[in-house]
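The values are calculated or read from the model by the stated rules, or taken from the named source; none is laboratory data. Please read all numbers here as calculations on a predicted model, not as lab measurements. Here the Cβ is made from the backbone with ideal geometry for all residues, glycine too, and neighbour counts use every protein chain on show. Side chains are part of the model used for accessible areas, which takes the heavy atoms of the whole protein and leaves out ligands, DNA and RNA. Shrake-Rupley method; radii C 1.70, N 1.55, O 1.52, S 1.80 Å.
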Amino acid sequence: MREISNPEFLPEGPQEPVFGASADEGKSMRTRMLGRSAMEGSNRPEVAPRAAERASLGELPRAGEPLERHPEVAEPLRQGLEHTRAGIERWNEQDQARAEHWFGSSSPEVREHLRGTFERIDGAKSEVRLRPFGPELTNEERANTFAYVEPYLHVQGQEYDVHVGELYSEADGPPDSQSGVIVHELSHFYDLGATEDFEDDYGHDGARRVADRSVTDALYTGDNIEYFYEEYEQEARRAR
């Protein structure tokens, strides 16, 4: 965890993260968290959406597939990022309140950091390739993980591989939409956002704890970036 003495200090550019979850494997995994790590196995809902509801959200990729082949995700992502970036440019009272809620500050430095992060994520969306989970995941990990990425394997100029699972296919937000999960995962890549995951601070409550603790930590936490985006994604849904 990054410690700073001045909560308003923002490092220049993305910092290489030390991942809290799955550090041994070098993965950054978006797991289902309900107040504490879902990987601990308790408090996890046992009821899954009906098959018809899952099908309406699109099928899981059988192999590496461009995100553009999944318009049910690609279009909400485009619209959600458009609304997010418009909000950062507008920066009215509501936009600043969202920043203060998820990052603990709406200072000019925070605004500029978010502007850069979402500009890079927006620019990368056409280079996203969805892949199924690898065989190295345990059954428990598969059951509790939306998606994961391996940022250390990414070579600049190549596509961004995002591995997605059954939870991803069921995500319809809030709190987690499919496009929000993609934003979360893209934010982990070193050249996009260099965010990390804090194992004890997943989910809405965890993200709020991070924001209360440190502006810098919040700006470099995947959930905080995602949940800031999710507010605009919901705004985009209402505007359709």
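Would a scan of the range 223-237 turn up a residue that is part of a helix (DSSP H, G or I), β-branched (Val, Ile, Thr) and at pLDDT 95 or above? Looking through the range 223-237, at least one residue is part of a helix (DSSP H, G or I), β-branched (Val, Ile, Thr) and at pLDDT 95 or above. Here Arg208 meets the list (1) part of a loop (DSSP other than H, G, I, E, B); (2) in contact (Cβ under 8 Å) with a residue 60 or more places away in the chain almost entirely, failing just condition (1).
Condition first: in contact (Cβ under 8 Å) with a residue 24 or more places away in the chain and of a type in the set (Val, Ile, Thr). Can you find one or more residues in the range 219-231 that meet it? Before you say what the answer is, go through the steps one by one.
To start, the set of residues in the range 219-231 that are in contact (Cβ under 8 Å) with a residue 24 or more places away in the chain comprises 219-231.
From the residues that got through so far, the ones that are of a type in the set (Val, Ile, Thr) too are 221, 225.
For the range 219-231, residues in contact (Cβ under 8 Å) with a residue 24 or more places away in the chain and of a type in the set (Val, Ile, Thr): present.
Counting the residues of the range 190-226 that are within 14 Å of Ile121 (Cβ to Cβ), surrounded by fewer than 24 Cβ atoms within 10 Å (Cβ to Cβ) and among the polar types (S, T, N, Q) gives 0. Say we look at the range 162-189 and pick out the residues that are outside any helix (DSSP H, G or I) and closer than 14 Å to Ile225 by Cβ; which of these is most open to solvent (accessible area, probe 1.4 Å)? Top of the filtered list is Pro175. Tell me, yes or no, whether the range 116-139 has at least one residue that is aliphatic (A, V, I, L, M), at pLDDT below 95 and surrounded by fewer than 15 Cβ atoms within 10 Å (Cβ to Cβ). Checking the range 116-139: not a single residue is aliphatic (A, V, I, L, M), at pLDDT below 95 and surrounded by fewer than 15 Cβ atoms within 10 Å (Cβ to Cβ). Within the range 146-161, the residues that satisfy the criterion of being open to solvent by 30 Å² or more (accessible area, probe 1.4 Å) and out of contact with any helix residue (DSSP H, G or I) (no Cβ under 6 Å at 6 or more places or on another chain) are Glu150, Tyr152, Leu153, His154, Val155, Gln156, Gly157, Gln158, Asp161. The C-beta contact set for the range 109-135 (first residue touching a residue at least 12 places away in the same chain (Cβ under 8 Å), second residue small (Gly, Ala, Ser) and in a helix (DSSP H, G or I), distance under 6 angstrom, 6+ apart or interchain) comprises Val110/Ala99.
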